[in-house]
Amino acid sequence: MSDALSWTIDPPPYPMCSSLSLPRYGLHSEISTFAGARFDWKETAEEHVFKVDLPGLKKEEVKVELEEGSVLKISGERKREKAEKTDTWRLSERSSGSFLRRFNLPENTKADGVKAAMENGVLTVTVPKEEVKKPEVKSIEISG
């Protein structure tokens, strides 16, 4: 038996998207190259709420778009700090680069009510839901 550690990776508990078969709604297959771009997607009774941590980015460096009324696209870029010739880097751990994520929205979303806000390095995008109309039921009196 070897003293070396062995690692196994279990598959995620949910199906991953691929370019061959995207779900009707969910996450597209783009992966962020900017390691700091971590996303949350929460659904409430009234809306879908997307949050992404973007420390150090300004709102001008981030783009929020709605493609074809049903795909939410969030992208941006953190540029690497320019080094002067006289600088000596001792440590560089902050990530840089661009990120792009697309989310297929469910059919019950209101494309014209999407809002985005950035506060303390956290981008919050809210997508309101349309009220689902319940079918009208009319009671019919039985004669006889």
Note to self: Among the residues in the range 24-45, are any among the small types (Gly, Ala, Ser) and either modelled with pLDDT of 90 or more or closer than 30 Å to GLU131 by Cβ (or both)?
What the structure shows: yes
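Residues are listed down the side, and each one gets a yes or a no for (1) more than 21 Å from the chain's Cα centre (by Cα); (2) closer than 27 Å to GLU43 by Cα; (3) touching a residue at least 60 places away in the same chain (Cβ under 8 Å):
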residue	(1), (2), (3)
THR86	yes, no, no
TRP89	yes, no, no
SER92	yes, no, no
PHE99	no, yes, yes
LEU105	no, yes, yes
ALA111	no, yes, no
GLY121	no, yes, yes
VAL127	no, yes, yes
GLU136	yes, yes, no
Checklist line | Single residue of the range 96-111 satisfying the filter (open to solvent by less than 50 Å² (accessible area, probe 1.4 Å), farther than 15 Å from LYS73 by Cα and part of a loop (DSSP other than H, G, I, E, B)) that is modelled with the highest pLDDT | finding: ASN108
Notebook entry, point to check: Taking the stated definitions as given, is GLY76 open to solvent by less than 50 Å² (accessible area, probe 1.4 Å) and without any contact (Cβ under 8 Å) to a residue 60 or more places away in the chain?
Noted result: yes
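The values are calculated or read from the model by the stated rules, or taken from the named source; none is laboratory data. Since this is a predicted model, take the numbers as computed values, not measurements. Don't worry about glycine lacking a Cβ; one is built from the backbone with ideal geometry, like all the others, and counts go over all protein chains shown. Keep in mind that these areas ignore ligands, DNA and RNA; they rest on the heavy atoms of the full protein, side chains included. Shrake-Rupley method; radii C 1.70, N 1.55, O 1.52, S 1.80 Å.
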